[in-house]
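See structure below.
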Amino acid sequence: MWKKIHQAFCERAIGSTRTEMTLSSRWKVFNKELGKWRNALAKAIDNHRSGENLSSEIMQAQMWFGATGQGRKSFNHTHCWEVVKTYKRFQIIPTGPTVGTQKSYLKFETENLIRYE
């Protein structure tokens, strides 16, 4: 796997002297940081308050990320996050309560009426 990654990297970063091992080591650092960022962002999203926007959530996530880091104050790899955020390992699954809609309530009532007829 790392051989293919290294080959693709060398095609894009012409003149780079990084080896497969250095790319693998760097990924270990990124993977850990991206996991922490994902958790901090998920916590901020779960803590969403009415009237807040995405920038408020990101600022809150930065605070939580900084609290978990060893001397790191903020998350500086947003360019990497944009690449991996849709991958299964990094997806944020909402954990807040689900809210029923009027439409689903009406459907439930209609189904019950049909059953009793």
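The values are calculated or read from the model by the stated rules, or taken from the named source; none is laboratory data. Owing to the predicted nature of the structure, the values given are computational and were not obtained by experimental measurement. Quick reminder, even Gly has a Cβ in these numbers, built from the backbone with ideal geometry, and neighbours come from all protein chains shown.
Points worth noting:
- Here is the figure for region 66-89: residues that are modelled with pLDDT of 85 or more and outside any loop (DSSP other than H, G, I, E, B) total 9.
Residues are listed down the side, and each one gets a yes or a no for (1) hydrophobic (A, V, I, L, M, F, W, C); (2) surrounded by fewer than 14 Cβ atoms within 10 Å (Cβ to Cβ); (3) at pLDDT below 90; (4) under 17 Å from the mean Cα position of the chain (by Cα):
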site	(1), (2), (3), (4)
TRP2	yes, yes, yes, no
ARG12	no, yes, yes, no
LYS32	no, yes, no, yes
GLY35	no, yes, no, yes
LYS43	no, no, yes, yes
ASP46	no, yes, yes, yes
GLU57	no, no, yes, yes
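- Failed item, numbered, when GLU20 is tested on (1) more than 19 Å from the chain's Cα centre (by Cα); (2) under 20 Å from ILE92 (Cβ atoms); (3) at pLDDT 85 or above: (2)
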